[in-house]
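The block underneath contains the structure these notes are about, expressed in structure tokens.
The values are calculated or read from the model by the stated rules, or taken from the named source; none is laboratory data. Just so we're clear, the structure is a prediction, and the values are computed from it rather than from any experiment. Note that each Cβ is placed from the backbone with ideal geometry, even for glycine, and that neighbours are counted across all protein chains shown. Protein only, heavy atoms only, side chains kept; ligands, DNA and RNA dropped before computing areas. Shrake-Rupley method; radii C 1.70, N 1.55, O 1.52, S 1.80 Å.
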Amino acid sequence: MKIAVLGTGGGGRAHAAKLLELGHEVTVGTRDSQVTLGRTQPDFMGIEPFGQWLADYPGIELRNFAVAAEDAELVINGIDGYHAVDVLSGIAEHLAGKILMDYAVPFVHNPERAHPWPTPWGVMPALDPVDHDSLGERIQRALPEAKVVKACVTQEQETVVDPGSVGGGDHTMFVAGEDAEAKQQVIALLRSYGWEDVLDLGPIVCSRGMEMYSHLHSAIGFAVGGRFGIKVVR
Ligand SMILES: NC(=O)c1ccc[n+]([C@@H]2O[C@H](COP(=O)([O-])OP(=O)(O)OC[C@H]3O[C@@H](n4cnc5c(N)ncnc54)[C@H](OP(=O)(O)O)[C@@H]3O)[C@@H](O)[C@H]2O)c1
């Protein structure tokens with residue numbers, strides 16, 4: 001399948017590499033491919049420049065967001081959560097009728113905010129929107145013709161593409177969205193990643209809980225000090 005991964009961060013790279021391994025035609029989307037390929041320094045999280053990473057994956061194409069989405073049959077959103085709605089709205093015509101699997105979290109980095117939570121890598125970002133709305137819902141409202149499926153939010157994306165690396169793969173992945181057929185296709189993709197326990201939470205409003213879990217996810221991560229999974233026992 002022709003799949004576009006919008007986003008050059010660690011998560012987008014994890015999906016792109018896995019999809020290539022699974023035999024898909026993979027294009028990664030970015031704001032400006034020349035600028036992205038011209039970067040020579042690691043980002044603030046210490047992730048190597050995209051061009052350096054890409055050299056290990058011949059076959060993955062890098063294109064501007066619009067071109068990547070236009071050519072794809074299925075699109076994965078891994079754009080920084082604060083900017084995702086604006087970027088996706090600008091390329092809405094290329095997403096109409098397509099499945100858009102969204103794993104972004106609407107983090108806002110504002111160290112001046114009251115009651116900051118110091119973390120090993122600085123101050124924990126806040127969520128906006130939160131509680132009464134979610135990024136998943138905002139994306140679906142902004143793109144009424146796209147079939148948005150929220151997924152993969154509750155894991156590091158390296159775990160998403162390799163569930164067996166934690167607890168032998170015995171943990172739970174969640175999906176939510178309005179279109180039942182789109183969710184089935186996303187679940188099939190996740191099964192090809194190795195997920196056996198995928199729980200459909202229901203409509204896109206369930207993005208709220210998935211995104212709000214991110215604080216607990218971070219807290220558990222700091223406590224555990226490594227990769228982990230969550231399992232819904234029933
Ligand atoms: N990494 C994970 O394991 C993980 C897990 C769960 C959820 N998430 C969430 O998933 C999202 C993506 O995370 P990530 O770590 O893969 O990547 P990221 O570093 O958060 O985002 C990278 C992408 O966002 C784009 N971007 C950044 N600033 C922008 C702006 N001002 N305008 C337009 N685009 C902009 C970048 O464009 P360029 O390519 O042009 O630089 C890049 O493609 C985030 O919301 C994150 O919280 C990540």
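When the C-alpha to C-alpha distance is required to be over 19 Å, the pairs from Lys18/Lys98; Lys98/Lys150; Lys18/Lys147 that qualify are Lys18/Lys98; Lys18/Lys147.
Normalise the Debye intensity by I(0) for region 2-224, one equal point scatterer per Cα, no solvent, then take log10 at q = 0.12, 0.15 Å⁻¹ and round to two decimals. Log10 of I(q)/I(0), two decimals: -0.62, -1.02. Counting only DSSP H runs of at least 4 residues, each contributing -39500 (n - 2.57), and dividing by the residue count of the chain, the helix-based mean residue ellipticity at 222 nm comes to -10000 deg cm²/dmol. Using only Cα atoms, locate the centre of region 196-234 and the centre of region 94-121, then give the distance between them in Å, rounded to an integer. Region 196-234 and region 94-121 have Cα centres separated by 15 Å. About the centre of its Cα atoms, region 60-186 shows a dipole size close to 180 debye [charges on the beta carbon of Lys, Arg (+1) and Asp, Glu (-1) only; nearest 20 debye]. Each of Cys152, Cys206 has its accessible area taken with a 1.4 Å probe; listed largest first, they run Cys206, Cys152. For the chain, the per residue solvent-accessible surface stands at 48 Å², with DNA, RNA and ligands left out and a 1.4 Å probe. Computed in the context of the full set of protein chains, the accessible area of region 2-224 at 1.4 Å probe radius has 52% of its extent on carbon or sulfur.
Expressed to the nearest 5 percent, the antiparallel share of DSSP beta bridges inside the chain is 20 percent.
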